[in-house]
Amino acid sequence: ATSQAVVEETVSAYPLAATAWELQFIGEPEERLPMLPNTRATVVYFWDRYTGFDGCGWFLGVYGADAEGVLRMNTPAKTPHYCAEPPGLETQASTYMSALLNVTEYEIEEEQLTAYTVDDQRMLTFDPEKPVPILGPRWELKFWWHTEDERWLPVAPAVTSSITFAEGGEASGSGGCNEYTVSYEGDLQIEMVMASTPENSELPALTFGQIEASTAECAEPDGIMEQEDGFFALLDEVAYYFKMGGMTMMMDADFEPLLMFAAAS
């Protein structure tokens, strides 16, 4: 197949992949529910997975889309909800997630994503999410792959595992209990856009050296050490990364997803 045919095949198979969106309003334009002040909600599409923030917590699920505009999003895993002010944020988050799961069709026009349910009822309207540089910000773990159970786990309540990349190949963060430093190799200046290949071979490489961490044992909150041990073990397996908007996914040498991060607010 020619390279152009490969590109066309990829776009047809994954028409929403490598896109990141921020919610502008819910409902029809003339009856819109605007976002509450100083709140936001997002959705990011990788290949067959979607992720994002509903305003209170993070979500990660499986979706299917085609080039004809059909879109289905399965019920996602969710992190614990932490809704603060303003009043009504919990309701807004619930309304957004309900609408997202009822979407049946989509269209992208003039750089805006519009999602519909049956009878062409407009549910959600998005603008492109602004990209976040991977160097500098603190990236907080939101989901991690539990190897033994073979499933994604949301982060434990009140446990923050994180990583911050500095220039010069050094990174640092918290496993949740212990602070750590680690060296890395990879070109983190790359803004990956997955419109050129159906294969994963062009994803930017990322590998980590030996983790240097303190050795405290934390008893609380519940699940803190399991998450930290899992996080450190998975960092050692990372071979590639893929960043869109404010989300970064890290994968192993077989391109299997391992870790899902969001940029800290």
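The one condition from (1) in contact with a Gly (Cβ under 9 Å, 6 or more places away or on another chain); (2) open to solvent by 50 Å² or more (accessible area, probe 1.4 Å); (3) not β-branched (Val, Ile, Thr) that Glu148 does not meet is (1). Please specify each residue of the range 33-46 satisfying the condition of being surrounded by 19 or more Cβ atoms within 10 Å (Cβ to Cβ) and among the hydrophobic types (A, V, I, L, M, F, W, C). If the condition is that a residue be surrounded by 19 or more Cβ atoms within 10 Å (Cβ to Cβ) and among the hydrophobic types (A, V, I, L, M, F, W, C), then Ala41, Val43, Val44, Phe46 are the ones that fit. Counting just the residues of the range 64-107 that are of a type in the set (A, V, I, L, M, F, W, C) and in contact (Cβ under 8 Å) with a residue 60 or more places away in the chain, which one comes out farthest from Leu16 (Cα to Cα)? Among them, the one singled out is Ala77. Only residues that are within 8 Å of the chain's Cα centre (by Cα) and within 19 Å of Gln227 (Cα to Cα): list them for the range 244-265, please. Across the range 244-265, the qualifying residues are Thr248, Met249, Met260, Phe261, Ala262. Each residue in the range 148-174 was checked for being out of contact with any Pro (no Cβ under 7 Å at 6 or more places or on another chain), in contact (Cβ under 8 Å) with a residue 40 or more places away in the chain and not in a strand (DSSP E or B), and 2 pass.
Give me a count of the residues in the range 61-84 that are open to solvent by less than 10 Å² (accessible area, probe 1.4 Å) and of a type in the set (A, V, I, L, M, F, W, C). Number of matching residues: 1.
Among residues of the range 8-58 being outside any strand (DSSP E or B) and of a type in the set (S, T, N, Q), the one that is modelled with the lowest pLDDT is Thr10. Whether any residue in the range 176-186 is modelled with pLDDT under 95 and either part of a strand (DSSP E or B) or hydrophobic (A, V, I, L, M, F, W, C) (or both) is what I want to check. No, the range 176-186 contains no residue that is modelled with pLDDT under 95 and either part of a strand (DSSP E or B) or hydrophobic (A, V, I, L, M, F, W, C) (or both). Scanning the range 215-254 for residues that are in contact with a Phe, Trp or Tyr (Cβ under 6 Å, 6 or more places away or on another chain) and open to solvent by 30 Å² or more (accessible area, probe 1.4 Å) turns up nothing. Checked against (1) open to solvent by 20 Å² or more (accessible area, probe 1.4 Å); (2) among the charged types (D, E, K, R); (3) at pLDDT below 95, Glu212 passes all but a single condition, namely (3).
Scanning the range 20-32 for residues that are open to solvent by 30 Å² or more (accessible area, probe 1.4 Å) and in contact with a strand residue (DSSP E or B) (Cβ under 9 Å, 6 or more places away or on another chain) yields Glu22, Gln24, Glu28, Pro29, Arg32. The single condition among (1) over 30 Å from Gly173 (Cβ atoms); (2) open to solvent by 60 Å² or more (accessible area, probe 1.4 Å); (3) in contact with a Pro (Cβ under 9 Å, 6 or more places away or on another chain) that Gln121 does not satisfy is (3). Trp152 meets all of the listed conditions (1) at pLDDT below 95; (2) under 15 Å from Gln24 (Cβ atoms); (3) among the aromatic types (Phe, Trp, Tyr) but one, namely (2). Looking only at residues of the range 89-118 that are at pLDDT 95 or above and surrounded by fewer than 13 Cβ atoms within 10 Å (Cβ to Cβ), we find that the one that is nearest to Pro29 (Cα to Cα) is Glu107.
Okay, residues lined up against (1) part of a loop (DSSP other than H, G, I, E, B); (2) polar (S, T, N, Q):
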{"residue": "Val62", "(1), (2)": "no, no"}
{"residue": "Ala67", "(1), (2)": "yes, no"}
{"residue": "Pro80", "(1), (2)": "yes, no"}
{"residue": "Cys83", "(1), (2)": "yes, no"}
{"residue": "Pro87", "(1), (2)": "yes, no"}
{"residue": "Thr91", "(1), (2)": "no, yes"}
{"residue": "Ser98", "(1), (2)": "no, yes"}
{"residue": "Ile108", "(1), (2)": "no, no"}
{"residue": "Met123", "(1), (2)": "no, no"}
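The values are calculated or read from the model by the stated rules, or taken from the named source; none is laboratory data. Note that the coordinates shown come from a computational prediction; the quantities given were computed from them, not determined experimentally. All Cβ positions, glycine included, derive from the backbone under ideal geometry; neighbour counts span all protein chains shown. When the accessible area is computed, the model is the full protein with side chains, heavy atoms only, and any ligands, DNA or RNA have been set aside. Shrake-Rupley method; radii C 1.70, N 1.55, O 1.52, S 1.80 Å.
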